[in-house]
Amino acid sequence: RERLEAALVAAKEGREDDARSLLEGVLKDEERWCAETQQVPTPDDIVPVLVSAHFLDRAWAQAAPEETPASAPWLKMATNLVAARLSLITAELTAGAAMYLLAPLAYATEVTVGEDHPVTEMVLRLARRRMSTAAAKRIAKKTQDEERLVRALEARDQDPKILADVPVLEKISALRNVALRIGEGNIWGSDIPRAQRAVKLLEQALQLHEKELQNNDHPCLIPELEALSTIASKAGLTFKSRALTYRERALRVLSIIARRYMEVGQLDSAVLLLESALVRHQMELGTSRNRTVVSNSKLFDEWIMQVPEDRRPTVTTESAEEAIGKVVEALTDQPQTGSGMSVETKADLWAKEGLEPLPVLV
């Protein structure tokens, strides 16, 4: 911890070489400790990723509200140090090996650190650069197809020929994926117009999904609601009230999902998800004034008493995002563009009133 703080001080003072040396020393010591003690049940190569994420988190905790990498040289330096280190690590991992071997690291980073974290975006970007040509072409084609479809959906005079045969879930998926890609480049909220466009695409996806499900509190809306909760908060003051509305809806839907866990006998998962939802959303909504927060806090107090003390979770902001991320992923339909295949949707699985499609969280 002391050396990470010293690295941040060096960055703030413009001593880039000192900051780099301190950060690399911490990374090497952490890697050595994990190898010797085997205390981390993850691939060895994720250790520097976790330390890098922690370093950036500490940097942002010390940044003033108005500071961004564009306006604060020390913050840009800290970000660049992490990006350079991750680039070196991934280059070493793929030296003389198949480039697609970065995929497991990218996935592990997304699950462990969270899909919205800057380090996750860095690793994903590096993984895409080094993946096989065939895989890159498949992703590029899917991206182009989605963006073409979104342009058609955004057009004032929508072309019925383009949209007539496109399944609604394919439209929703394209709108959501394009919006999230736009959001990737706006992690710190420095580009308000980009965030506003992403919000509008997500709102369009949400409206289509609500119409398809005929239920404004359906659990399968959680991918759009969670994304809107995050991105709308970066879209400027005019979107502030909408961000709070989406947060409240997300909390309400997450509590419905938590109740399903209870109904199927997954008490620990229910308690973890409900507490994670409160940790993620209650601060912005207000702990004592918001009725959704108050009612779910009371529900959590009832449920936690059923869990033995030695099994009660300790939920942090990071672990809350991880638990919610697993649920969001499990409830996200990702149809194959133009496949024409008929498959069970997440809503179909939810309607069976069992655990599927939810993951066991504990």
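The values are calculated or read from the model by the stated rules, or taken from the named source; none is laboratory data. Please read these numbers as outputs of a predicted model, since none were measured by experiment. Positions of Cβ are backbone-derived with ideal geometry, glycine not excepted, and every protein chain shown enters the neighbour counts. Side chains included, ligands, DNA and RNA excluded: accessible areas come from the protein's heavy atoms. Shrake-Rupley method; radii C 1.70, N 1.55, O 1.52, S 1.80 Å.
I'd like to know if the stretch 335-344 contains one or more residues that are under 20 Å from the mean Cα position of the chain (by Cα) and either surrounded by 19 or more Cβ atoms within 10 Å (Cβ to Cβ) or not acidic (D, E) (or both).
Start the filter on the stretch 335-344 by keeping residues that are under 20 Å from the mean Cα position of the chain (by Cα), which leaves 335.
Still in the running and either surrounded by 19 or more Cβ atoms within 10 Å (Cβ to Cβ) or not acidic (D, E) (or both): 335.
Within the stretch 335-344 (the criterion being under 20 Å from the mean Cα position of the chain (by Cα) and either surrounded by 19 or more Cβ atoms within 10 Å (Cβ to Cβ) or not acidic (D, E) (or both)), the answer is yes, since at least one residue qualifies.
Conditions: (1) surrounded by 16 or more Cβ atoms within 10 Å (Cβ to Cβ); (2) modelled with pLDDT of 90 or more. P359 meets all but one. Number of the miss?
(1)
Suppose the filter is surrounded by fewer than 16 Cβ atoms within 10 Å (Cβ to Cβ) and at pLDDT below 75; does T37 pass it?
So T37 passes the test.
Being of a type outside the set (A, V, I, L, M) and free of Cβ contacts under 8 Å to residues at least 40 places away in the same chain: is that true of S241 here?
When the stated conditions are applied, S241 passes them.
Go through (1) of a type outside the set (G, A, S); (2) at pLDDT 80 or above; (3) open to solvent by less than 40 Å² (accessible area, probe 1.4 Å); (4) in a helix (DSSP H, G or I) one by one and return the number of the condition V166 breaks.
(4)
From the list A53, A10, A83, A6, which one is in a helix (DSSP H, G or I), modelled with pLDDT of 80 or more, in contact with a Gly (Cβ under 9 Å, 6 or more places away or on another chain) and not hydroxyl-bearing (S, T, Y)?
A53
Using beta carbons and a limit of 6 Å, which pairs, at least six apart or on different chains, have the first residue in the stretch 66-81 and closer than 14 Å to S52 by Cα and small (G, A, S) and the second one in a helix (DSSP H, G or I) and open to solvent by less than 20 Å² (accessible area, probe 1.4 Å)?
A78/A11; A78/A59
Can you tell me which of (1) surrounded by fewer than 22 Cβ atoms within 10 Å (Cβ to Cβ); (2) out of contact with any Leu (no Cβ under 6 Å at 6 or more places or on another chain) is the one V264 doesn't meet?
Going through the list (1) surrounded by fewer than 22 Cβ atoms within 10 Å (Cβ to Cβ); (2) out of contact with any Leu (no Cβ under 6 Å at 6 or more places or on another chain), V264 breaks only (2).
With I304, I257 as the choices, which residue is under 16 Å from K326 (Cα atoms) and open to solvent by less than 50 Å² (accessible area, probe 1.4 Å)?
Values: I304 fails: under 16 Å from K326 (Cα atoms).
Answer to the check: I257.
Listed residues E329, E322; which is within 20 Å of L180 (Cα to Cα) and open to solvent by 80 Å² or more (accessible area, probe 1.4 Å)?
None of the other options fit; the residue is E329.
Within the stretch 145-158, take every residue that is open to solvent by less than 100 Å² (accessible area, probe 1.4 Å) and part of a helix (DSSP H, G or I) and give me the one that is modelled with the lowest pLDDT.
Result: E154.
Quick check on A270: is it small (G, A, S), open to solvent by less than 20 Å² (accessible area, probe 1.4 Å), touching a Lys or Arg at 6+ places or on another chain (Cβ under 8 Å) and under 23 Å from I172 (Cα atoms)?
No.
So that you can scan it fast, the table gives a plain yes or no per residue for (1) surrounded by 19 or more Cβ atoms within 10 Å (Cβ to Cβ); (2) acidic (D, E):
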site: V199; (1), (2): yes, no
site: H209; (1), (2): yes, no
site: E224; (1), (2): yes, yes
site: T238; (1), (2): no, no
